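One structure below.
The values are calculated or read from the model by the stated rules, or taken from the named source; none is laboratory data. Just so you know, these numbers come straight off a predicted model, no measurement behind them. Neighbour counts run over all protein chains shown; Cβ positions are idealised from the backbone, glycine included.
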Amino acid sequence: MGKINADWHRDNPMPKNPTPQQRIDWHLAHAVHCQCRGIPKGVLKLMAERNIPVPDGYDMSRK
């Protein structure tokens, strides 16, 4: 994927025991600010179930 944005990761840790919505929110922000890895398949599925648009460049069919 891309280069890690260590400052963003330091300032924006994933919450402990995140709710599904917190996971979605974190990964959407991560997609904008870091791109060191893709959005996990499980989070993409949660987004689809909630009709939340997937950012450009992320494939719902990826394994």
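A few points about this structure:
- Helices (runs of 4 or more DSSP H) enclosed by segment 1-58 - at least 2 residues per element that are aliphatic (A, V, I, L, M): 20-33, 41-49
- In segment 39-63, the residues that are in contact with a helix residue (DSSP H, G or I) (Cβ under 9 Å, 6 or more places away or on another chain), modelled with pLDDT under 90 and of a type outside the set (A, V, I, L, M, F, W, C): PRO55, GLY57, TYR58, ASP59, ARG62, LYS63
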